[in-house]
Amino acid sequence: MQLDSLSWFPGHMTKTRRMIVSELGNVDAVCEIVDARVPLSSRNPDLDELTAGKPRLVVLNRVDQADAAMTRRWAAWFYAQGYATMEADAKSGAGVKRFAPAVRELLKDKIAAYEAKGQVGRVLRVMVLGIPNVGKSTFINKVSGRKTAKAEDRPGVTRTKQWVPVDRTLELLDTPGILWPKFDDPAVGMRLAFTGAIRDEVVDVEELAMRLMDYLGAHYPDALAARYKIEAADGADGWTLLGRAGRKRGFLISGGEVDTERMSRILLDEYRAGKLGRFTLEEPPEATDG
Ligand code: G4P
């Protein structure tokens with residue numbers, strides 16, 4: 001599903017928070033799914049506080065759409081923050097087999113403690129969380145072999161929590177309710193709009209495309225040059241690059257001006273369809289000196 005204005009309904013968020021806190025006692029670990037293209041912007045900033053003390057696994061999902069070298073940097077960054085990490089492409093299923101071993105590695109001390117008490121093969125339970133559109137449902141379905149479509153996360157539609165078995169000793173808690181990103185930061189909203197997590201209707205398409213061009217021009221000029229047959233490595237800003245691409249495509253309006261709105265929609269569609277390549281749209285924060 002996509003984020004939309006209804007998702008922000010404060011009562012909805014309060015319910016989700018309450019549910020997470022009340023279920024924490026029933027799980028051994030928390031698995032957070034993030035979008036590898038925007039690994040920080042697709043996180044919920046309150047999760048650390050809400051899940052304090054629980055072992056955490058961060059799944060960098062959608063790696064098929066992200067820059068592989070950047071995904072490695074992000075995995076190292078999350079690891080340095082104390083999280084176990086793994087990479088996945090839930091759509092094809094690549095990487096999901098590593099989930100169960102990753103959980104068992106994360107919980108190896110706990111498993112040893114259970115075994116010391118004679119509880120061999122005790123079922124491990126993992127709460128799976130993620131903001132909309134990171135691929136949470138797809139991931140759960142692939143990991144568990146579940147075929148049923150997920151229930152709608154719409155306000156007003158009652159959906160109860162679900163325990164989803166992965167194997168004989170591992171179960172997932174699929175949580176209803178919507179987890180929200182840090183939407184008070186406009187840069188975060190912008191990145192989520194690039195990926196399509198936030199609907200285009202709530203953002204200005206030309207502004208969005210211009211900013212995406214800005215980022216791609218600065219970080220991936222060769223990809224722009226290859227796709228649009230334009231000069232992109234000369235430091236030109238997003239607006240200029242959008243104009244060059246539109247002109248090259250022949251998107252002109254009366255007077256010979258470029259139809260930037262049309263080019264903007266094309267850029268966003270082509271980016272989201274993966275036609276420009278695989279990109280990561282934010283960098284890990286610099287390590288700070290202790
Ligand atoms: P959510 O529960 O986090 O809201 O996300 P959901 O699983 O519903 O996935 C949203 C869309 O993202 C789906 O596409 C899904 O197939 C796709 N997706 C999930 N994980 C990955 C991934 O790792 N890589 C890629 N490339 N796509 C992924 P859709 O177009 O809405 O549906 P469908 O056409 O695939 O059925």
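The values are calculated or read from the model by the stated rules, or taken from the named source; none is laboratory data. The model shown is predicted, which means the values in this text are computed figures rather than measured ones. We place every Cβ from the backbone using ideal geometry, glycine too, and count neighbours over all the protein chains shown. Protein only, heavy atoms only, side chains kept; ligands, DNA and RNA dropped before computing areas. Shrake-Rupley method; radii C 1.70, N 1.55, O 1.52, S 1.80 Å.
For the chain, the mean residue ellipticity at 222 nm estimated from helices alone is -12000 deg cm²/dmol, where every DSSP H run of n ≥ 4 contributes -39500 (n - 2.57) and the total is divided by all residues, rounded to the nearest 500.
Amide H to amide H, with H built 1.01 Å from N, Asp28 comes under 5 Å of Arg125, Val126, Met127, counting only residues 5 or more places away or on other chains. Binning the alpha carbon pair distances of segment 63-154 at 10 angstrom intervals from zero yields the distribution 13, 39, 32, 14, 1, expressed in whole percent.
With a Förster radius of 41 Å applied to the beta-carbon distance between Asp185 and Asp109, the computed FRET efficiency rounds to 0.70.
Over segment 1-131, what portion of Cα pair distances is larger than 25 Å, expressed as a whole percent?
Here the tail beyond 25 Å accounts for 32 percent of pairs.
Taking a threshold of 32 Å on the Cα-Cα distance, which of the pairs Lys142/Lys182; Lys117/Lys147; Lys15/Lys275; Lys142/Lys275; Lys108/Lys147 fall above it?
Listed pairs above 32 Å: Lys117/Lys147; Lys15/Lys275.
Put a dot 7 Å past the Cα of Gln81, heading toward its Cβ, do the same for Ser254, and the two dots end up 5.3 nm apart. Taking every C-alpha pair closer than 8 Å and separated by at least 6 residues, the mean separation divided by the residue count of segment 8-180 gives a relative contact order of 27 percent. A simple spin-label model places the labels of Asp237 and Glu283 2.1 nm from each other, with each point 7 Å out along Cα-to-Cβ.
Heavy atoms of the protein chains alone define the surface here; on that basis segment 204-286 has 51 Å² accessible area per residue at 1.4 Å probe size.
Stretched out straight at 0.36 nm per residue, the stretch from Ala116 to Trp163 would grow longer than its current Cα-Cα span by 14.3 nm.
For segment 204-286, the mean projected area of the C-alpha convex hull, equal to one quarter of the hull surface, is 5.7 nm². Our estimate of slack between Leu24 and Arg73, defined as 0.36 nm per intervening residue step minus the Cα-Cα distance, is 14.7 nm. If the chain linking Lys229 and Asp269 were pulled fully straight, counting 0.36 nm for each residue of separation and taking away their Cα-Cα distance, it would gain 12.6 nm. Taking the chain as a Gaussian network of alpha-carbon nodes connected by springs under 10 Å, the highest mean-square fluctuation of the residues Tyr271, Tyr220, Tyr114 belongs to Tyr114. Computed over the chain, relative contact order equals 21 percent, with contacts defined as Cα pairs under 8 Å that lie 6+ residues apart.
Counting only Cα atoms, I'd like the Rg/Rh figure for the chain, Kirkwood definition for Rh.
1.03
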